[in-house]
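The values are calculated or read from the model by the stated rules, or taken from the named source; none is laboratory data. Here the structure is a predicted model, which means the values were calculated and not measured. Counting neighbours? That spans all protein chains shown, and the Cβs are built from the backbone with ideal geometry, glycine included. When the accessible area is computed, the model is the full protein with side chains, heavy atoms only, and any ligands, DNA or RNA have been set aside. Shrake-Rupley method; radii C 1.70, N 1.55, O 1.52, S 1.80 Å.
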Amino acid sequence: MNAGIEDFLRDLDQDHRYIRNIVATEHREARSPQYAGIPSGLRPEITRLLQDLGISSLYSHQNTAIESILNKQNTLISSGVASGKSLCYQLPILNQLLEFPASRALLLFPTKALAQDQQQNMAGLMTRLKAILPGKARFSSGVYDGDTPSDLRASLRKSTSLIFSNPDMLHLGILPHHPLWSDFFSNLRYVVIDEVHIYRGVFGSHFANVLRRLRRICGFYRIKPIFICTSAPLGNALELSGNLLEDALQIIDTDGSPHGESIFHIYNPPLVDEKLGIRRSAMQESTHLAKNFIRTDCQALMFTETRRNVEILFRYLQDKIPDRELIRSYRSGYLAQDRREIERRLREGRLRIVVSTNALELGIDVGGLDAIFINGYPGTISGTRQQSGRAGRKGGKALTILVATANPLDQYICQHPEYLFENNPEQALIDPDNPEILIAQLECAIAELALLEGEAFGKLQHFQLFPYLSILLSENRIRKIAGKYVVQPGSYPSSKVSLRNMSSQFELLNEGVSIGFVDESSVRWMAHPQAIYLHEGDTWIVKKLDFELKKVELEPIVSDYYTQTLQDTQLELNDLLQVQTIPGGKKHLGKVTVTNDISGFKKIRFFTQENLGVEELDMPPSILDTVAFWISLSQASVEKIKALKLWRNQDNYYGKDLDALTRNVRQRDGFCCQHCGARESGDAHHVHHIIPFKKFTDSRLANAPENLITLCPRCHRLAEKNVIIQSGLAATAYLLHNLAPFFVMCALKDIGVHFEEHSELASGDPIIAIYDSIPGGIGLSKKLYELQDILVCEALSLAENCPCEDGCPSCTGPISENGEGAKAHAIAILKALLGSAIQQ
């Protein structure tokens, strides 16, 4: 198989177009394994098990980790993909079962699929161990999650040695019913938390409190289990794990596993129109690469960011690859049995390429892979490295090709590959003491076990809990009886708390038969009436969307197009909670409604991306009632910035003769798109400024005929992507949005951002708003309101000290390939908000 990847690389080296468009290469030499002996604390039976597996020595980090665990230390193993982290906890747990067969272990994974995958691996080890010790090894493992049949749950609780589950089930189905688990908790020796780097933001903050509840229940049963955490390399893996557990851990962050030679290419698709700056589609290039790769005997994953892109790429591959049995698509929304089948076929070597979202980024065992294709930058350095790390599992040569899209972030990385190759992975932040999260989780804890007067909750002493207990008492959610805090009779608060802000699922049905699911937050754009729903390469048309029954009725259809919704987001003020004058404007805090309205959809032809038309939709909008913090700029500040020519937010005024001008240009060009040649049919083509209008001080020069060209809507959109002129508000909003999580310890997805030049939230003044993405808000915006001056000051410092010239992903945002950033404009806005002198 390795010869196959060598052949593919040789073919690439001889492809002059490919070589010409590689903008950067990272080459890493092969690394030999660093071995250590098998820890003496492991029983002889475990050594025999390892010999049965063909393992005579462990990697150095495995040896160190197992020694730490056997010495009863909480342990964190932070190493790369395929470094053998699982064995670090599997062996001590099996060793414990041999020492004390009544022992129990709880293994938590962020997804159901990963829990099932790891349970199967452990079951395989148990089977081998039982063969070594016939009749003596009496232990078992099982998955306990939302999919576990009700009739199996009692037996799993009572007799299963190892329970594989997830944080949501621990929160909803295990801790609230701990009396049913008394035997399990009384003998709990190990708790495994896999993929710790996933637990960030609101989800991680909730999970930290679930772990407080778990440790409290363990204390009730007079048990103190050892915690074993695993993590991908992260900027703050030890700090994150310590914040989750509120306890000390021994970190093992060396990696003794072998790694084959790896090659990472960043590939920027070739220009197809140098004058307009239009590049060939990333999807077309990814498809072309995959078509050539399929001729080898190798296996690869192709990652792309969205579920729709997965389906479109898979459809393109089906069109180019004769043997369709060699390729599959993989994403959330497929039936569980279909996903397991894809995983199994990939593991068995029966699939050459699987197109996937980041659902396969985690450590699900899919066997040895030779290459990774990444269609578009995943958005984070850590995510990119996780995806790239899936290749080379057999110690052979590994290839990763990142195919850049036209969006500014991808193009920035093409211009500055060191941003990806030389920077450390991002940090993961949590805030377990967030007031809204803590109140909700404290109520859950009291429902599980009455809280005694003076009792702590995690690291929080009772006097620190008193304000939150007072709120729960005042809202009649708990009572105080004889020195104990208890919940109201029949209360089940866990059912009202979602750890991940997860929405409910809509079932996709064809003639009553389920083909998959789509979450409520996505159903409006994926499965609206008359939408073309893409599923494993097939096209279905949505006949009915039933919000009440949460069902989508589909019919199969042969379609040469897919659908794309037209959306608009608005913020409406419900209740102004606080407002304060600040230098340069005002800061506000209020209850708002964020309305996402889908007014229609476009029909986009496969392959050519031609817009076949727009149809209206009459759908109820998606409404989020939450809390927002926003800053408004005074008109005096705006005028000062405009005087320095550092204001770029106003709409273009193209002149009073715009209609006549565009008609003359279209006539001159024969009513044909000057890029693809498409003639007008129905709606008029667009007229595009080759040099952007905003770059001119005189509209007559901007509108000169030689600067104007006729383009169809699709080509106009592609040309505009290349020359985005960023506004100062957009740049400032990008900076504040990306900096805010560091002040409120959340993930970027936990907060939304909105900016507009004339806002009703500030009597027509320009605003930048940040709002909680969680219904009702959880205090993030409130804290940002209180920290506004610090946030703005730090944002200014970051922008001024960033070495980039006009903006980058680390400060005011990436710049499109031939566009302009607005770093100076953002700095002017921030200085105005601090009352500092503004200079050009």
Complete set of residues in region 687-702 that are at pLDDT 90 or above and either farther than 16 Å from residue 275 by Cβ or more than 39 Å from the chain's Cα centre (by Cα) (or both): none
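Can you pull out every residue in region 234-255 that is open to solvent by 40 Å² or more (accessible area, probe 1.4 Å) and over 26 Å from the mean Cα position of the chain (by Cα)? Break it down stepwise before answering.
Start the filter on region 234-255 by keeping residues that are open to solvent by 40 Å² or more (accessible area, probe 1.4 Å), which leaves 235, 238-239, 243, 246-248, 250-251, 253-254.
Within region 234-255, 247, 248, 250, 254 meet the criteria.
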Where a residue in region 309-322 is in contact (Cβ under 8 Å) with a residue 40 or more places away in the chain and its partner, wherever it lies, is open to solvent by 50 Å² or more (accessible area, probe 1.4 Å) and part of a helix (DSSP H, G or I), with Cβ under 8 Å and at least six apart: 316/284; 318/324
Of the residues that make up region 761-768, is at least one open to solvent by 50 Å² or more (accessible area, probe 1.4 Å) and polar (S, T, N, Q)? yes
Considering only region 447-525, give the strands (runs of 3 or more DSSP E) lying wholly within it that have at least 3 residues that are over 28 Å from the mean Cα position of the chain (by Cα). 478-481, 484-487
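Residue by residue, here is whether (1) part of a helix (DSSP H, G or I); (2) β-branched (Val, Ile, Thr); (3) open to solvent by 30 Å² or more (accessible area, probe 1.4 Å); (4) within 30 Å of residue 31 (Cβ to Cβ) holds:
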{"residue": "303", "(1), (2), (3), (4)": "no, no, no, yes"}
{"residue": "309", "(1), (2), (3), (4)": "yes, no, yes, no"}
{"residue": "313", "(1), (2), (3), (4)": "yes, no, no, no"}
{"residue": "325", "(1), (2), (3), (4)": "yes, no, yes, no"}
{"residue": "337", "(1), (2), (3), (4)": "yes, no, yes, no"}
{"residue": "341", "(1), (2), (3), (4)": "yes, no, yes, no"}
{"residue": "346", "(1), (2), (3), (4)": "yes, no, no, yes"}
{"residue": "373", "(1), (2), (3), (4)": "no, no, no, yes"}
Number of the exception - residue 635 against (1) open to solvent by 80 Å² or more (accessible area, probe 1.4 Å); (2) modelled with pLDDT of 90 or more; (3) touching a strand residue (DSSP E or B) at 6+ places or on another chain (Cβ under 9 Å): (3)
Of those in region 375-423 that are touching a Cys at 6+ places or on another chain (Cβ under 9 Å) and open to solvent by 30 Å² or more (accessible area, probe 1.4 Å), the residue farthest from residue 274 (Cα to Cα) is 419
Given the options 736, 761, 711, 748, name the one that is farther than 30 Å from residue 574 by Cα and of a type outside the set (Val, Ile, Thr). 711
Single match in 514, 494, 498 (criterion: open to solvent by less than 70 Å² (accessible area, probe 1.4 Å) and in contact with a strand residue (DSSP E or B) (Cβ under 8 Å, 6 or more places away or on another chain)): 514
Looking at residue 774, is it surrounded by fewer than 23 Cβ atoms within 10 Å (Cβ to Cβ) and either touching a residue at least 12 places away in the same chain (Cβ under 8 Å) or not in a strand (DSSP E or B) (or both)? yes
Of all residues in region 480-491, which are open to solvent by 50 Å² or more (accessible area, probe 1.4 Å) and either in contact with a Gly (Cβ under 9 Å, 6 or more places away or on another chain) or free of Cβ contacts under 8 Å to residues at least 12 places away in the same chain (or both)? 480, 481, 482, 489, 490
Is there a residue in region 351-364 that is under 18 Å from residue 391 (Cβ atoms), part of a helix (DSSP H, G or I) and open to solvent by less than 30 Å² (accessible area, probe 1.4 Å)? yes
Which residue, of 63, 71, is surrounded by 19 or more Cβ atoms within 10 Å (Cβ to Cβ), closer than 28 Å to residue 239 by Cβ and over 32 Å from the mean Cα position of the chain (by Cα)? 63
Among the residues of region 239-252, is any touching a Leu at 6+ places or on another chain (Cβ under 8 Å) and without any contact (Cβ under 8 Å) to a residue 24 or more places away in the chain? yes
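Out of curiosity, is residue 373 at pLDDT 90 or above, closer than 16 Å to residue 386 by Cα and of a type in the set (Phe, Trp, Tyr)?
Details: at pLDDT 90 or above: yes; closer than 16 Å to residue 386 by Cα: yes; of a type in the set (Phe, Trp, Tyr): yes.
It is true that residue 373 is at pLDDT 90 or above, closer than 16 Å to residue 386 by Cα and of a type in the set (Phe, Trp, Tyr).
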Which strands (runs of 3 or more DSSP E) does region 582-696 wholly contain that include 3 or more residues that are touching a Lys or Arg at 6+ places or on another chain (Cβ under 8 Å) and without any contact (Cβ under 8 Å) to a residue 12 or more places away in the chain? none
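Scanning for something farther than 21 Å from residue 603 by Cα, among the aromatic types (Phe, Trp, Tyr) and open to solvent by less than 90 Å² (accessible area, probe 1.4 Å), does region 520-532 turn up at least one residue?
no
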